[in-house]
Amino acid sequence: MKPMAILYDFDRCMGCRACQIICKMWNQNAAGKPSSFFQGPGYQNPGTLNDNTFSVVRYEEFVDPKTGELRYYFGRTQCMSCLKPACVSACIVGAIEKLEHGPVVWHGEKCMGCRYCMVACPFGIPKFEWNSNNPRIRKCTFCANRQGSTYAEVGAKFEGYSDEQRARLDEDGRLQLAPACATACPSDTMVYGTREAMLAEAYARIDAAPDAYPKHPRTGKPWVYGEHEVGGTSWLLLSTIPYDKLGLPVLSFEPADHYTKISMISVPITFTAMAIAMGGAYYLTKRRGEVKASESKSEKSEAKKGGES
Amino acid sequence: MKAKGLAKLLLWGLAILAAGITFYRWAVGLGAVTHLSDTWPWGLWIGFDLLCGVALAAGGFTTAAVVYVFHREKYHPVARAAILTAFLGYVLVVVALLVDLGRPWAIIHMMWMWNPHSVLFEVGCCVLLYLTVLALEFAPVVLEKWSARFGKVLDLFEKVKIALVIAGICLSTLHQSSLGSLFLAAEHRQNALWFTPMLPVLFFLSAVMVGPAMVIVESNISSRALGKELEKDVLEGLAAALPYLAGLYILVKFLDLGFSGDVTLLFESSRYATLFWIEILLPVAAILILMSRSLRKNPRAVWGGASLIVLGVVVNRLNVCLASMPDIFNGRSYFPSWQEFAVTLGVLSAGVIAYGLVAKYFKVFEEQKT
């Protein structure tokens, strides 16, 4: 399968939250009980992602930088399914895997619960089952079990789906269903397709109204969020409101592991250099001690100072 | 004597309380006993027990380097104690990890499920290997008690000693620095005062600095608790090196801030600037004390200066792991729960108890030669 992507257009979202509901349904996540209406930034329920909620439609107010007016937006939070995921490179046991066509999936039998993936994720996506004695890392998987999986892998979850949906297999006999959220959207906020096609679509929309869309603060070019962020993501976000007003961090274009990669490469170099330096120091100081000892044999009065230098 | 008994009771009490909390935490999960959350996946147990535990065990490899590689026989009397502290320190780090990991039984997965891209994997490997090396370095102290029976084994240990010591230094260099590299992955969260590609270098330099300081602190504590004489000129010699080591660390830290341009953040009034100044001024104060030759003759001043360095490194590690991370994702703040403090204190107490027991039954302290 080619790398797939979802194009998400903030300006089309009307906040119906159908995607949030179907996300819960497909992933068989129970409903949560909000403790309060105010659960952090924004007004939504649940306030943030958690171990039982893989996607949230946020509702937030902001001051429009152009007009100075108070405005609001609806925006979706879920795993961005990075092309070069920080969590995958961070995981100590390789329990998180990036699939060729997009999804980033977690293999529970490997995980030791160190939570380094949560520290490393630039979007703060992986969540942890804090109240379990056998906790899992939980997050959106870009519906890995709807795309590129076989019937056997999907298992019981597939029951209840129509023959038409069952028939959508690619040439390898793998499922090719859009992620659940994209199928539920009534306003075409989310469009699913190959990443190439989705990027083309995003730029077509920008070209239709070039002045309406924000430019990237560093490059000054039209900005499709996720095209280059941390090496690119499988979610491409488009908005006429600058992205930093939408609760999205302005990120480097380098993959999240660009520094840790250098540090891992320098491991064998450091080890060898240190071993040589220490070995050298050992022989040099030993030799110096021997020379001094032989010198001090002739001058007995010096004998005591020899050991100290 | 009465105070000693009381201290012993307190140590055992704390250790047992920590064990109790640990079993409860294994039964019900981390949420019930800690204030960790999805915004704060790492807390006191990683920030203090792991990061500070490893840093404060640096006395092992620095002392081993000075004594066995650089042949400074003068420091021989503190070598065994330093290696014991390092060994116990690493054991406690592993114990703390078993408390903190979500699925502690899976810690062994690290041995065959390798992810060579993961800094944490490297840290894990180094800790495991270095723990083995430390056990082998310390083994002769245990075996010599029955030297009649283990004579040949002891000879063998003596022969491979230098290889073990150098392996230990290389492994320490790697994972002291890679504990800093861990936070290179937090580039997008960490405050600019702490985030720098130089983090691994800074972690290594501060470990080298805190190594001798920790030997001084620990010698003072054990001399008081176990009633042995303080190795005054050994400690004075170590103290003389501290201003240089601390100076180098602070110099690199400021050069790095200068080059990145983040140095201006230091003069803004923010929580971050305050914390940064605290972490820097502690070793600066130590330098001022220990620069003076006459003050270094005073064991109290030496102990004070070394303590300031140790404190500076502790504050640094807590800053890097916790205080430098803004609550960007949902605005929740973190302060450890009493159970987290209790476990940390309990693990520490267990270490002190173990140190006392080992020192009681084996010859950890050698008589000064001169």
Report whether or not residue B:150 is more than 30 Å from residue B:359 (Cβ to Cβ) and aromatic (Phe, Trp, Tyr). no
Any hit, the range B:254-272, residues being surrounded by fewer than 15 Cβ atoms within 10 Å (Cβ to Cβ), touching a residue at least 12 places away in the same chain (Cβ under 8 Å) and more than 23 Å from the chain's Cα centre (by Cα): yes
So how many residues does the range B:188-209 have that are in contact with a Phe, Trp or Tyr (Cβ under 6 Å, 6 or more places away or on another chain) and facing chain A (nearest Cβ under 8 Å)? 1
Give the number of residues within the range A:260-280 that are touching an Asp or Glu at 6+ places or on another chain (Cβ under 9 Å) and either of a type in the set (Gly, Ala, Ser) or more than 8 Å from chain B (Cβ to nearest Cβ) (or both). 1
Among the residues of the range A:265-295, count how many are in contact with a Ser or Thr (Cβ under 8 Å, 6 or more places away or on another chain) and either within 30 Å of residue B:185 (Cα to Cα) or touching a residue at least 60 places away in the same chain (Cβ under 8 Å) (or both). 4
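Do any helices (runs of 4 or more DSSP H) entirely within the range B:260-337 hold 1 or more residues that are among the acidic types (Asp, Glu), and if so, which? Break it down into steps so the answer makes sense when it comes.
Values: elements: B:271-291, B:293-296, B:299-318.
Helices (runs of 4 or more DSSP H) meeting the threshold: B:271-291.
Looking at the range A:223-232, can you tell me whether even one residue there is out of contact with any strand residue (DSSP E or B) (no Cβ under 9 Å at 6 or more places or on another chain) and either polar (S, T, N, Q) or not assigned by TED's automatic domain parsing to the domain that holds residue A:73 (or both)?
Applying the first criterion (out of contact with any strand residue (DSSP E or B) (no Cβ under 9 Å at 6 or more places or on another chain)) to the range A:223-232 yields A:228.
When the remaining residues are screened for being either polar (S, T, N, Q) or not assigned by TED's automatic domain parsing to the domain that holds residue A:73 (or both), the result is none.
Within the range A:223-232, not a single residue is out of contact with any strand residue (DSSP E or B) (no Cβ under 9 Å at 6 or more places or on another chain) and either polar (S, T, N, Q) or not assigned by TED's automatic domain parsing to the domain that holds residue A:73 (or both).
Looking only at the range B:108-130, which residues are of a type in the set (A, V, I, L, M) and more than 10 Å from every other protein chain (Cβ to nearest Cβ)?
Step one: filter the range B:108-130 for residues of a type in the set (A, V, I, L, M), giving B:108, B:110-111, B:113, B:119-120, B:123, B:127-129.
Listed by number, the residues that qualify are B:127, B:128, B:129.
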Quick check: is even one residue across the range B:13-31 surrounded by 19 or more Cβ atoms within 10 Å (Cβ to Cβ), within 27 Å of residue B:316 (Cβ to Cβ), within 10 Å of chain A (Cβ to nearest Cβ) and touching a residue at least 24 places away in the same chain (Cβ under 8 Å)? yes
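Assess whether residue B:234 counts as being within 13 Å of chain A (Cβ to nearest Cβ), of a type in the set (Val, Ile, Thr) and touching a residue at least 24 places away in the same chain (Cβ under 8 Å). Reasoning before the result, please.
Numbers: within 13 Å of chain A (Cβ to nearest Cβ): yes; of a type in the set (Val, Ile, Thr): yes; touching a residue at least 24 places away in the same chain (Cβ under 8 Å): yes.
Yes.
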Hey, can you tell me all the residues within the range A:219-269 that are within 23 Å of residue A:105 (Cα to Cα) and basic (Lys, Arg)? A:261
Suppose we filter A:64, A:51 for residues that are over 24 Å from residue A:238 (Cα atoms), in the same structural domain as residue A:228 (by TED's automatic domain parsing) and among the acidic types (Asp, Glu); which single one remains? A:51
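Do any helices (runs of 4 or more DSSP H) lying entirely in the range B:43-112 carry at least 1 residues that are closer than 20 Å to residue A:278 by Cα, out of contact with any Phe, Trp or Tyr (no Cβ under 6 Å at 6 or more places or on another chain) and modelled with pLDDT under 90, and which ones are they?
Numbers: elements: B:53-56, B:59-64, B:76-100.
Once the helices (runs of 4 or more DSSP H) in the range B:43-112 are filtered for at least 1 residues that are closer than 20 Å to residue A:278 by Cα, out of contact with any Phe, Trp or Tyr (no Cβ under 6 Å at 6 or more places or on another chain) and modelled with pLDDT under 90, what remains is B:76-100.
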Might you check whether a residue that is part of a loop (DSSP other than H, G, I, E, B) and within 14 Å of residue A:7 (Cβ to Cβ) occurs anywhere in the range A:191-211? no
Would you confirm whether any residue within the range A:33-47 is more than 21 Å from the chain's Cα centre (by Cα), under 28 Å from residue B:99 (Cβ atoms) and not charged (D, E, K, R)? yes
Given the conditions (1) facing chain B (nearest Cβ under 7 Å); (2) acidic (Asp, Glu); (3) in contact with a Gly (Cβ under 8 Å, 6 or more places away or on another chain), report the number of the one that residue A:257 does not fulfil. (3)
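Is it the case, given these coordinates, that residue A:252 is among the polar types (S, T, N, Q), part of a helix (DSSP H, G or I) and free of Cβ contacts under 8 Å to residues at least 40 places away in the same chain? Don't jump to the end; show me each part of the working.
Values: among the polar types (S, T, N, Q): yes; part of a helix (DSSP H, G or I): no; free of Cβ contacts under 8 Å to residues at least 40 places away in the same chain: yes.
No; evaluated as a whole, the condition is false for this residue.
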When you scan the range B:274-282, do you find a residue that is surrounded by fewer than 21 Cβ atoms within 10 Å (Cβ to Cβ), hydroxyl-bearing (Ser, Thr, Tyr) and touching a helix residue (DSSP H, G or I) at 6+ places or on another chain (Cβ under 9 Å), even just one? no
Of all residues being in a loop (DSSP other than H, G, I, E, B) and within 13 Å of chain B (Cβ to nearest Cβ) in the range A:71-86, which is nearest to residue A:6 (Cα to Cα)? Just the residue, please. A:80
Residue A:89 fails exactly one of the following numbered conditions: (1) at the interface with another protein chain (Cβ under 8 Å from one of its Cβ atoms); (2) assigned to a loop (DSSP other than H, G, I, E, B). What is the number of that condition? (2)
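Taking residue B:206, is it assigned to a helix (DSSP H, G or I), of a type in the set (S, T, N, Q) and touching a residue at least 60 places away in the same chain (Cβ under 8 Å)? Steps first, please.
Working: assigned to a helix (DSSP H, G or I): yes; of a type in the set (S, T, N, Q): yes; touching a residue at least 60 places away in the same chain (Cβ under 8 Å): yes.
Spelling it out, residue B:206 is indeed assigned to a helix (DSSP H, G or I), of a type in the set (S, T, N, Q) and touching a residue at least 60 places away in the same chain (Cβ under 8 Å).
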Condition met for residue B:202 (more than 30 Å from residue B:356 (Cα to Cα) and crowded, with 19+ Cβ neighbours inside 10 Å): yes
Here are the criteria: (1) in contact (Cβ under 8 Å) with a residue 12 or more places away in the chain; (2) within 23 Å of residue B:88 (Cα to Cα); (3) within 14 Å of chain A (Cβ to nearest Cβ); (4) under 18 Å from the mean Cα position of the chain (by Cα). Tell me which single one residue B:161 does not satisfy. (4)
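The values are calculated or read from the model by the stated rules, or taken from the named source; none is laboratory data. The shown structure was predicted, so the numbers you read here are calculated from the model rather than taken from an experiment. Here the Cβ is made from the backbone with ideal geometry for all residues, glycine too, and neighbour counts use every protein chain on show.
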